[in-house]
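Accompanying notes for the structure given below.
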Amino acid sequence: MALTKNPTILAWLEEQLALVQPEKIVWIDGSEAQLNELRAEALASGELQKLNDELLPDCYLHRTALNDVARVEHRTFICAPTKEQAGPTNNWMDPQQAYALLKGIAKGSYKGRTAYIIPYSMGPVGSPFSKAGVELTDSIYVVLNMAIMTRVGTPVFEALGDSDDWVRGLHCRCGIVEEDRYICQFPQDNTIISVNSGYGGNVLLGKKCFALRIASYQGYREQWLAEHMLILGVENPQGEVRYICAAFPSMCGKTNLAMLIPPESYRKKGYKVWCVGDDIAWIRKGADGRLYAINPENGFFGVAPGTNAKSNPNALEATRRGTIFTNVALNLDDNTAWWEGLDKNPPANAIDWKGNPWNGKESAEKGAHPNSRFTAPAKNCPCISPEFENPQGVPISAFVFGGRRAKLTPLVYQARDWNHGVFVGSAMASETTAAAAGAVGVVRRDPMAMLPFCGYNMAEYWQHWIDIGAALEPEKAPKVFNVNWFRKDEEGNFMWPGFGDNLRVLDWILDRCEGKVGAVETPIGFVPRAEDVNLEGIESEVSAESLKAMLEVDPALWQTEAEGIAEFYAKFEGKAPKELQDCLEALKAKLR
Ligand code: OXD
Ligand code: MN
């Protein structure tokens with residue numbers, strides 16, 4: 001029986017169901033009983049495998065098709081009415097053409113299969129920040145992952161009532177044919193259609209597709225921001241908590257920063273770090289005139305390789321129950337999940353992510369796919385913030401942008417004001433690592449880490465950031481910073497220890513927000529005086545001299561950088577906001 005009377009939902013479903021022609025229809029009510037039935041069904045079909053119930057209670061393993069292991073940016077489209085609305089950084093398809101193409105692919109694709117109707121909320125149900133979605137899928141894996149990553153079930157329909165403000169999501173597994181794989185967003189229609197994939201980032205439609213691509217455009221129309229940002233709280237010894245939102249391109253340690261463990265000297269004094277979110281922030285102005293953020297998700301869809309008791313004990317702990325692992329290795333001795341970097345003891349008697357027998361002690365092949373994932377409930381995380389469910393969100397003191405730059409960018413610097421902060425975010429870039437295909441050390445521009453996730457023209461998105469700032473009283477606006485954990489010395493060694501020690505930089509950032517500490521003005525913004533970065537306990541690792549070097553701004557390198565930014569802006573054919581062009585000109589002038 002239908003779980004809602006909402007006429008807009010019923011009409012949309014009728015049309016989709018007539019198209020995909022399922023054998024059976026199941027409404028997801030969110031109950032544990034129903035989810036248990038689905039788990040049992042997925043075990044019977046082999047879609048999931050149960051892991052050791054003592055060591056990893058309620059945990060499962062899933063393997064995707066070999067040709068379907070990651071997000072596919074080249075097959076991701078923004079289907080806005082005009083190419084200009086999608087902008088030069090997105091793939092564009094004409095909406096009518098896209099609907100016709102996708103309907104052709106989806107037609108009859110559920111034949112002999114079950115259609116699952118998932119009502120879900122991004123954000124706590126009923127929060128003024130939250131938005132509802134309905135995903136129609138023919139995959140139990142999608143249902144069970146969505147039940148971890150979002151709030152699913154009947155309460156979502158109850159909160160929505162008859163409103164038309166919900167996001168339509170159609171997912172069809174089809175034959176997992178790469179050439180027919182499309183991840184299409186229709187921002188003007190609040191609609192997502194994803195076909196021929198079963199991999200998380202392409203099919204858990206609440207995440208990148210809705211909470212970033214569609215939501216960024218919703219935010220543009222409704223005066224809020226949907227950002228690819230972690231949210232963390234730093235609690236000081238007085239028990240005061242201040243919140244930071246931070247954006248980094250992939251492979252820069254975002255999840256590790258979100259769940260940071262303070263260095264011993266800070267722990268002893270009583271500092272704590274609380275994780276509100278590790279990937280996405282929805283941000284809007286609160287009644288007191290400050291900006292507030294929620295994490296619209298309810299779980300972590302994290303990269304498994306490299307996660308271990310040292311790099312991120314909180315994330316590891318979060319995966320110890322109620323977790324779905326995708327494309328990791330299976331240790332046959334104890335029926336647990338294993339991945340590269342979990343420990344130094346790969347299992348000899350194992351199955352690799354492709355499903356083949358694998359001897360981790362001898363094989364040159366990897367056991368887990370480099371993009372293998374865990375889908376873990378946020379509530380499992382030992383440092384999950386007590387404010388995680390707060391429907392009003394948390395007040396933001398600082399925005400932090402960052403990237404991987406071996407030489408150019410200092411450990412940390414502060415933008416002069418809001419608009420300059422938007423400029424710093426717009427110029428964000430990272431040097432490619434060996435983890436990605438292609439050349440190493442190439443600079444890839446990734447404004448606000450939103451390059452693959454902005455659902456409209458990036459130049460308008462920058463303007464939207466400027467407008468959001470203009471609506472804030474300057475003393476209430478978050479301060480904006482840029483960090484670089486990845487500076488290297490002449491020998492190519494990382495100069496900054498990173499991980500928990502990054503709190504030392506956040507500490508300076510929060511002191512700046514409160515006007516407690518001075519800074520040195522440079523052409524790019526304010527950098528710390530070396531004596532203001534707390535090195536207590538790491539003096540043997542980071543010399544005063546090395547810290548000074550990490551804070552240096554080399555005008556020649558920055559001149560080249562300014563040219564790179566100008567080149568990037570040129571892609572927008574004059575649409576990059578004047579405020580940002582002015583910041584670029586000011587930078588060039590200061591460097592002269
Ligand atoms: C992610 C990503 O999976 O940014 O979070 O790629
Ligand atoms: Mn992400």
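The values are calculated or read from the model by the stated rules, or taken from the named source; none is laboratory data. As the structure is a computational prediction, the values presented were derived from the model and not from experiment. Positions of Cβ are generated from backbone atoms using ideal geometry, with glycine treated the same way; all protein chains shown enter the neighbour counts. Areas reflect the complete protein model, heavy atoms only, side chains present, ligands, DNA and RNA absent. Shrake-Rupley method; radii C 1.70, N 1.55, O 1.52, S 1.80 Å.
For the reader, a short list of remarks on this structure follows.
- Restricting attention to region 18-172, close to 50% of DSSP beta bridges with both partner residues there are antiparallel.
- Region 497-525 versus region 33-67: alpha-carbon centroid distance in Å: 45
- Region 299-380, accessible surface, carbon-and-sulfur percent (1.4 angstrom probe): 50
- Packing, as the average of other Cβ atoms within 10 Å across residues, places the peptides 51-62, 536-547 in the order 51-62, 536-547, highest first.
- For region 1-52, the normalised intensity computed at q = 0.25, 0.31 Å⁻¹ comes to -1.02, -1.15 (log10 of I(q)/I(0), Debye sum over alpha carbons, equal scatterers, no solvent).
- Gain on full stretching of the segment that runs from ALA556 to VAL177 - 0.36 nm per residue minus C-alpha separation: 131.6 nm
- With an a/c value of 1.5 or above and a/b not larger than b/c for the gyration tensor axes a ≥ b ≥ c computed over the alpha-carbon atoms, region 136-187 is described as oblate.
- FRET efficiency for LYS269 and THR433, using Cβ-Cβ distance with R0 set to 30 Å, rounded to 0.05: 0.30
- For region 515-531, 3J(HN,Hα) per residue [Karplus equation, 6.51 cos²θ - 1.76 cosθ + 1.60, θ = phi - 60°, Hz, x = Gly/Pro]: x, 8, 9, x, 7, 9, 7, 10, x, 9, x, 9, 10, x, 6, 3, 5
- Taken per residue, the accessible surface of region 299-380 reaches 41 Å², heavy atoms only and a 1.4 Å probe.
- Net charge contributed by nearby residues that have their C-beta within less than 11 Å of TYR110 (K/R +1, D/E -1): +3
- Length gained on full extension, THR82 to VAL520, computed as 0.36 nm times the residue gap minus the Cα-Cα distance: 153.1 nm.
- Violating pairs (Cα-Cα greater than 27 angstrom) within the set LYS379/LYS479; LYS50/LYS207; LYS131/LYS354; LYS366/LYS407; LYS5/LYS131: LYS379/LYS479; LYS131/LYS354; LYS366/LYS407
- Local electrostatic count at ASP58 - Lys and Arg +1, Asp and Glu -1, tallied over other residues with Cβ under 15 Å: 0
- Centroid-to-centroid, using Cα positions, region 173-237 and region 104-171 are 13 Å apart.
- For a straight C-alpha distance cut-off of 25 angstrom, the lysines reachable from LYS111 (same-chain residues fewer than eight places away being disregarded) are LYS24, LYS103.
- Between ALA586 and LYS354, the modelled label-to-label distance comes to 5.4 nm, taking each label 7 Å out from Cα in the direction of the beta carbon.
- Short-range pairs are left out: with C-alpha atoms under 8 Å and at least six residues apart, the relative contact order of region 513-586 is 19 percent.
- Inter-site label distance for GLU54 and GLN223 at 7 Å from Cα along Cβ, in nm: 5.9
- Selection from GLN34, GLN49, GLN21, by position along the positive dipole direction of region 15-60 (Cβ): GLN21
- For region 299-380, projected area of the alpha-carbon convex hull averaged over all directions, nm²: 4.8
- Point-charge dipole on Cβ atoms (K/R +1, D/E -1) for region 299-380, about Cα centre, debye to 20: 300
- Low-density loop cleavage sites - GluC sites (Glu not before Pro) in region 216-298, where at most 13 other Cβ are within 10 Å (DSSP): GLU240
- Gyration tensor verdict on region 362-495 (Cα atoms; rounded if a/c is under 1.5, prolate if a/b is larger than b/c, oblate otherwise): oblate
- Ordered from longest to shortest, the equivalent ellipsoid semi-axes for region 193-352 are 31, 25, 10 Å, each the square root of 5 times a Cα gyration tensor eigenvalue.
- Diffusion constant of region 428-511 at 25 °C, which comes from Stokes-Einstein with the Kirkwood Cα-pair radius and 0.890 mPa s, µm²/s: 154
- As a rough guide to protection, the peptides 557-563, 146-152, 445-451, 520-526 ranked by mean Cβ packing within 10 Å, highest first, stand as 146-152, 445-451, 520-526, 557-563.
- Between PHE494 and ALA33, residue separation times 0.36 nm minus the direct Cα-Cα distance comes to 160.9 nm.
- Stokes-Einstein diffusion coefficient of the chain, Kirkwood radius over Cα pairs, 10 °C, 1.306 mPa s, in µm²/s: 64
- Net charge dipole, the chain: roughly 420 debye, given to the nearest 20, about the Cα centre with Cβ charges of +1 for Lys and Arg and -1 for Asp and Glu.
- When the Cα gyration tensor is reduced to axis lengths a ≥ b ≥ c, the ratio a/c is 1.5 or higher for region 32-149, and with a/b above b/c it is classed as prolate.
- Charged neighbours of LYS476, selected by a Cβ distance under 15 Å, balance to 0 (K, R count +1; D, E count -1).
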